[in-house]
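Asker: Dropping the structure in here first, questions after.
Please treat every number below as a calculation from the coordinates, not as lab data. Note that the coordinates shown come from a computational prediction; the quantities given were computed from them, not determined experimentally. When we count neighbours, we look across all protein chains shown, and the Cβ atoms used for this are built from the backbone with ideal geometry, even at glycine.
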Amino acid sequence: MIITAGKYKGRKIIAPDEKITRPTLSKVRMSVFNILQSLIDFEESSFLDMFAGSGIMGLEAVSRGFKKIVAIEKNVRSAKILKENFSNITPTPSSPVGRVSERQEMFDIYIGDSLKILSNFDEIFDVIYIDPPYFSGVYEQSLNVVKNIAKNIVILEHIKDVDFLGYEIIKQKKYGDKFLTFLRNQN
């Protein structure tokens, strides 16, 4: 896998075993950020990746100019690769949770259950990317847990119908059997 655009374009990213994660395809990543670019200004914006896997979505976000990235991954083996990918792009993390500051960019990596971690968050995010394991049944729970921390856009990658819980659908695209749904929090 490689970063598709921005200042780190072409950098190789290590992907976890496909039995553990399902990395977002490059054409889908490019589409996500092309659509986002028409909706918000990336500079000074924050990006949360709830089910980070390799970290590719957060790395794409920072490559394109986002200033604050938070990545959460539950699987310990994937989290190790996630940390390695971020450290290959940025300086070595200086704290236990992986906080790194370079050129005013902030990266936070959390290892654990996204739903539990975010239930205690009070930080607000401009963009939240939700791509849980497809058959985990946590789509609606994820949307609920981010309702109070979503400032602007929530992106949901899914394959089945989801109750969007009062979020406004901005845009929806289909790629093979998966959907990318761009939502706006109506709070």
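Asker: Please state the shape class of region 29-71: rounded when a/c is under 1.5, otherwise prolate if a/b exceeds b/c and oblate if not, all from the C-alpha gyration tensor.
Answerer: Working: a/c = 1.99, a/b = 1.33, b/c = 1.49.
Cα axes put region 29-71 in the oblate bin.
Asker: Using the 10 angstrom Cβ neighbour count as an exposure proxy, how do Arg77, Arg184 rank, fewest first? Show your work: numbers first, answer last.
Answerer: Working: Arg77 12, Arg184 16.
Arranged by neighbour count, lowest to highest, Arg77, Arg184 become Arg77, Arg184.
Asker: Under the rule a/c < 1.5 gives rounded, and otherwise a/b versus b/c splits prolate from oblate, where does region 1-82 land using the Cα gyration tensor?
Answerer: On the way: a/c = 1.94, a/b = 1.55, b/c = 1.25.
Judged from the Cα gyration tensor, region 1-82 comes out prolate (a/c at least 1.5, a/b above b/c).
Asker: Let me ask something additional. How about region 148-181: which trypsin sites (Lys or Arg not before Pro) there are in a DSSP loop, with at most 16 other Cβ atoms within 10 Å of their Cβ?
Answerer: Numbers: sites: Lys151, Lys160, Lys171, Lys173, Lys174, Lys178; in loops: Lys160.
When the trypsin sites (Lys or Arg not before Pro) of region 148-181 are filtered for loop state and at most 16 Cβ neighbours within 10 Å, Lys160 remain.
Asker: With each run of n ≥ 4 DSSP H residues scored as -39500 (n - 2.57), what mean residue ellipticity at 222 nm is computed for the chain after dividing by its residue count and rounding to the nearest 500 deg cm²/dmol?
Answerer: Values: 5 runs with 49 residues, N = 187.
Here the helix-only value at 222 nm equals -7500 deg cm²/dmol.
Asker: Now for a separate question. Between Ile159 and Asn88, take the C-beta separation as r, use R0 = 25 Å, and let me know the FRET efficiency to the nearest 0.05. Don't skip to the answer; put the middle values down first.
Answerer: Working: r = 31 Å, r/R0 = 1.23.
Rounded to the nearest 0.05, the efficiency is 0.25.
Asker: Follow-up question, since we're still on this one. List the lysines whose Cα lies under 22 Å from the Cα of Lys174, skipping any in the same chain that are fewer than 8 positions away.
Answerer: By straight Cα distance, Lys174 reaches Lys27, Lys160.
Asker: Sorted from fewest to most neighbouring beta carbons within 10 Å, what does the list Lys7, Lys147 look like? Write down the numbers at each step before the final one.
Answerer: Values: Lys7 12, Lys147 15.
The most exposed by this proxy come first: Lys7, Lys147.
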